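Peer 1: A single structure is presented below for examination.
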Amino acid sequence: MTTDYPPKRFILDVPVHDLTYAETVELFRSFIAEGRFHHVVTINPEFVIASRRQPAFRRVLRQADLALPDGAFLLLAGRMLGQPLRQRVTGVDTVAYIAQEAARYGWRLFFLGAAPGVASRAAQILTQRYPGLQVVGTYAGSPRPTDAADILSLIRQAAPHILFVAYGAPAQDVWIEAHRPDLPVQVAMGVGGAFDFIAGVTYRAPRWMQDAGLEWLHRLYQQPWRWRRMTALPLFAILVVLRRLSGNKNSHT
Ligand code: UDP
């Protein structure tokens with residue numbers, strides 16, 4: 001069984017798949033049927049900037065099996081660079097869609113990361129929303145190497161199909177890639193603040209703000225300490241404009 005992948009675009013040299021939520025769910029189904037390990041990442045402008053500063057993170061993103069376009073500015077950049085992306089596919093909505101499908105098809109999920117109690121609260125909420133859902137393990141843990149043995153042992157015992165990891169980027173995806181050979185799952189995906197949103201620890205921007213590409217402003221209002229990380233946004237915009245002016249050369253190298 002092989003998977004048919006959607007088209008791959010390049011945003012400032014970072015690969016991103018052009019896909020919809022429905023296609024994402026189909027790809028997860030195919031990954032599980034295939035049986036081997038797959039790493040899913042959710043690309044936003046902060047990822048793109050971090051990958052330019054950290055070669056190890058850049059390698060992780062290039063090796064990932066599937067890269068979801070998570071970020072309104074990513075779609076805008078795609079339009080400017082002739083790398084069209086049809087839909088924004090966020091980590092948090094993907095977790096919810098996958099939970100819905102998992103309840104229907106018996107896929108087992110494991111929630112790793114976030115502050116103590118948050119992943120289990122998110123699991124409880126999703127299980128109420130999608131009866132029959134099996135979240136076979138939740139654990140806060142940490143991306144520190146000293147915690148890895150305990151975490152891997154818990155995952156092995158729970159035997160999930162899908163592992164969601166919420167340690168923020170780049171830590172979560174570097175952790176997944178580092179433990180790839182020891183993860184007995186079909187899909188591992190870094191989900192950032194998804195458990196916080198689902199558990200109600202943080203709140204998503206209203207729909208109109210999401211549609212207007214202003215979700216970042218809402219997050220900044222809720223979590224002002226993010227301002228330093230968010231300097232990635234203007235830098236991303238400047239680099240996209242410069243790349244466009246230079247004719248988007250070298251975008252596939
Ligand atoms: N987190 C964690 N351990 C860490 C660092 C972060 O569990 O050492 C969690 C944090 O509690 C939050 C998530 O990782 O639930 C990251 O959320 P954030 O909103 O920063 O993610 P982003 O999507 O912006 O990368």
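The values are calculated or read from the model by the stated rules, or taken from the named source; none is laboratory data. Just so it is clear, the model here is predicted, and its values are computed rather than measured. No Cβ is skipped: glycine too gets one built from the backbone with ideal geometry, and neighbour counts run over all protein chains shown.
Peer 1: Can you give me the ranges of the strands (runs of 3 or more DSSP E) entirely in the stretch 112-230 with at least 2 residues that are in contact (Cβ under 8 Å) with a residue 60 or more places away in the chain?
Peer 2: Passing ranges, in order: 162-166, 187-190.
Peer 1: Looking at the stretch 101-111, which of its residues are of a type in the set (Phe, Trp, Tyr), surrounded by 18 or more Cβ atoms within 10 Å (Cβ to Cβ) and outside any loop (DSSP other than H, G, I, E, B)?
Peer 2: Across the stretch 101-111, the qualifying residues are 110, 111.
Peer 1: While we're looking at this one, here's another question. Restricting to the stretch 1-36, give me the number of residues that are assigned to a loop (DSSP other than H, G, I, E, B), within 18 Å of residue 91 (Cβ to Cβ) and in contact with a strand residue (DSSP E or B) (Cβ under 8 Å, 6 or more places away or on another chain).
Peer 2: Counting residues in the stretch 1-36 that are assigned to a loop (DSSP other than H, G, I, E, B), within 18 Å of residue 91 (Cβ to Cβ) and in contact with a strand residue (DSSP E or B) (Cβ under 8 Å, 6 or more places away or on another chain) gives 3.
Peer 1: While we're on this one: Quick check: anything in the stretch 62-85 within 18 Å of residue 213 (Cα to Cα) and of a type in the set (S, T, N, Q)?
Peer 2: no
Peer 1: For the stretch 55-100, what are the residues that are part of a helix (DSSP H, G or I), β-branched (Val, Ile, Thr) and surrounded by 21 or more Cβ atoms within 10 Å (Cβ to Cβ)?
Peer 2: Matches in the stretch 55-100: 60, 94, 95, 98.
Peer 1: In the stretch 200-213, which residue that is within 16 Å of the ligand (Cβ to nearest atom) and closer than 15 Å to residue 44 by Cβ is surrounded by the fewest Cβ atoms within 10 Å (Cβ to Cβ)?
Peer 2: Here the residue is 210.
Peer 1: Right, another one. Considering only the stretch 184-199, how many residues are surrounded by fewer than 20 Cβ atoms within 10 Å (Cβ to Cβ) and either within 16 Å of the ligand (Cβ to nearest atom) or hydrophobic (A, V, I, L, M, F, W, C) (or both)? Quick ask: steps written out before the conclusion?
Peer 2: Applying the first criterion (surrounded by fewer than 20 Cβ atoms within 10 Å (Cβ to Cβ)) to the stretch 184-199 yields 184, 193.
Restricting the remaining residues to those that are either within 16 Å of the ligand (Cβ to nearest atom) or hydrophobic (A, V, I, L, M, F, W, C) (or both) gives 193.
So the count comes out to 1.
Peer 1: Taking residue 156 as the residue in question, decide whether it is touching a Pro at 6+ places or on another chain (Cβ under 8 Å) and modelled with pLDDT of 95 or more.
Peer 2: yes
Peer 1: Can you list residue pairs whose Cβ atoms sit under 6 Å apart, with the first residue in the stretch 37-58 being over 19 Å from residue 88 (Cβ atoms) and the second being among the hydroxyl-bearing types (Ser, Thr, Tyr)? Count only pairs 6 or more apart in sequence or on different chains.
Peer 2: 57/51; 58/51
Peer 1: Out of the residues in the stretch 214-253 that are surrounded by 15 or more Cβ atoms within 10 Å (Cβ to Cβ) and of a type in the set (Gly, Ala, Ser), state the one that is farthest from the ligand (Cβ to nearest atom).
Peer 2: Per the criteria, the residue is 251.
Peer 1: Given the options 100, 134, 124, name the one that is away from the ligand (no atom under 12 Å from the Cβ), polar (S, T, N, Q) and in contact with a strand residue (DSSP E or B) (Cβ under 8 Å, 6 or more places away or on another chain).
Peer 2: Being away from the ligand (no atom under 12 Å from the Cβ), polar (S, T, N, Q) and in contact with a strand residue (DSSP E or B) (Cβ under 8 Å, 6 or more places away or on another chain) holds for just one of 100, 134, 124, which is 134.
Peer 1: Out of everything in the stretch 25-61 that is within 16 Å of the ligand (Cβ to nearest atom) and polar (S, T, N, Q), what residue ends up being farthest from residue 210 (Cα to Cα)?
Peer 2: Result: 54.
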